[in-house]
Amino acid sequence: MKQYDDLKATHLYCNNCGGSMPVRERLLLILPDGYLFEYYCAHCSELVGDKKTRLADKDRILLR
Ligand SMILES: [Zn+2]
């Protein structure tokens, strides 16, 4: 049985579906100090959350 090791199966509460649903991650913005992600319900595509992630040092080089 294969486990979902590297799938990053994130679940967030969706008002439309009325429960915790799997989400799709979308990169919204690349900021000077990190990334801004938005999460959409995989079932109804409602926006259910966002997340800001610190920029990794190796990625900082790419942005110059
Ligand atoms: Zn939904």
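Here is how the numbers come out for the structure above:
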read-out: Selection count where residues are surrounded by fewer than 10 Cβ atoms within 10 Å (Cβ to Cβ) and at pLDDT 90 or above, scope the stretch 1-36; value: 1
read-out: Pairs with Cβ under 6 Å, 6+ apart, first in the stretch 33-57 and among the small types (Gly, Ala, Ser), second at pLDDT below 90 and within 14 Å of the ligand (Cβ to nearest atom); value: none
read-out: Those residues of the stretch 6-42 which are outside any strand (DSSP E or B) and within 15 Å of the ligand (Cβ to nearest atom), in sequence order; value: 10, 15, 16, 17, 18, 42
read-out: Pick from the stretch 37-59, criterion farther than 17 Å from residue 11 by Cα and more than 11 Å from the chain's Cα centre (by Cα), ranking: surrounded by the most Cβ atoms within 10 Å (Cβ to Cβ); value: 55
read-out: Matching residues, the stretch 43-64, being modelled with pLDDT under 95 and either in a loop (DSSP other than H, G, I, E, B) or among the charged types (D, E, K, R) (or both); value: 50, 51, 52, 54, 55, 56, 57, 58, 59, 60, 64
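The values are calculated or read from the model by the stated rules, or taken from the named source; none is laboratory data. Treat the numbers as computed from the prediction; the structure is a model and nothing was measured. Note that each Cβ is placed from the backbone with ideal geometry, even for glycine, and that neighbours are counted across all protein chains shown.
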